[in-house]
Every structure is written in C-alpha cells, then in structure tokens.
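Values quoted throughout were computed directly from the atomic coordinates according to the rules given, and no laboratory measurement underlies them. This structure is a prediction, so every number in the text was calculated from the model and none was measured. Neighbour counts run over all protein chains shown; Cβ positions are idealised from the backbone, glycine included.
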Amino acid sequence: MNPAQNVVTKKMILVMALCLTQSLITHSILNKCHVHVINGFSHGEILEAHGRSKDDDLGVRHVPAYGEFNWTFRTDFFSRTKFSCHMWWIDSKKYLDVFWVDDKFLSNECGGNNRRWRSQDDGVCLFSYHHN
Ligand SMILES: *[C@@H]1O[C@H](CO)[C@@H](O)[C@H](O)[C@H]1NC(C)=O
C-alpha cells in the first residue's frame, strides 16, 4: 500500500468506527428504561428493596415512607435485560421480576419502558397488575 492509500484507509476506518459508535449510542438512547419502586404503605412503614440484574447490583435501598427508589438503565443489545427485586417490610417479603423486555407487556398500559411498582398494604402492584 502506498502512503496515500494508507491515509485513505485510515480515514475510512475512522468514519466506519464513528458510524458504528453512533448507531450503538442511538440504539442505547432508544432503549432507555426507568424502574420506580414506590413506598405506598399507608402507615409509614419503611420498604427495603434490593434490585439486581445479571450485570448490576443496585444494593439494598431503604425506601422511606411515601418515598421512592428509582433507577435508569439501558437494555442490552439483544434486549435480554432483566431486573429482579427482593422487597421486604415489617412482616412480609416479596421477590419479583420488576423489569423484562416483552413486546406485549411494553405496549399495553403498564407504562412501557417506565415501570412503576408500588407497595401497598395488600401487596406490591404494577399499576393494576397485582402480585401477591
Ligand atoms: C427518583 O427518586 C428520588 C428519591 O429517591 C426522587 O427525588 C426523584 O424525583 C425520583 N425521580 C423520578 C424521575 O421519579
């Protein structure tokens, strides 16, 4: 390869790398998700929550009365991201999947990429979706 060709090749590689990065970033932005865990107990109980995915451990959070704990993340490239959460309070505990990618689930009334879970005196709910 002569020097002029070499420079052209380097420029092409740079442009290709920029395009690839750009499309990865765009993909990530489109797949930005939020999960909220809201303490909805009516008697001021503290809710403890420990959320985890295969790659992230959010640690144990103390959600104060009437407060919330939320986090933002991007689904992985193949949309396999799943978060599960242990929640416990005075005399009860729950373990549930709080986020997963499911086209049907995303397109119905459950809030799409914005999931709100709320602890209530009778269990933990995702909008009208009841988990006992
Ligand atoms: C996330 O939770 C914090 C409290 O921990 C709250 O102040 C904030 O408004 C929440 N963010 C959203 C987007 O709801």
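From the phi of every residue in the stretch 38-43, what ³J(HN,Hα) in whole Hz does the Karplus formula 6.51 cos²θ - 1.76 cosθ + 1.60 yield, where θ is phi - 60° and glycine or proline is x?
Once rounded to whole Hz, the list reads 9, 7, x, 5, 8, 10.
Report the label-to-label distance for D122 and W71 in nanometres (one decimal), using points 7 Å from each Cα along the Cα→Cβ vector.
Between D122 and W71, the label points sit 3.1 nm apart.
Can you list the residues, at least 5 places off or on another chain, whose amide H is less than 5 Å from the amide H of V98, using H built in the peptide plane?
Counting only residues 5 or more places away or on other chains, the set is F83, S84, C85.
How large is ³J(HN,Hα) for each residue in the stretch 80-91, as worked out from phi by the Karplus curve 6.51 cos²θ - 1.76 cosθ + 1.60 (θ = phi - 60°), to whole Hz, x for Gly and Pro?
The phi angles translate into 9, 4, 9, 10, 10, 9, 8, 10, 8, 8, 2, 10 Hz.
Could you order peptides 52-59, 81-88, 8-15 by the average number of other Cβ atoms within 10 Å of their residues, highest first?
81-88, 52-59, 8-15
Roughly how compact is the stretch 60-99, stated as its Cα Rg over 2.2 N^0.38 Å to two decimals?
Computed over Cα atoms of the stretch 60-99, the ratio equals 1.43.
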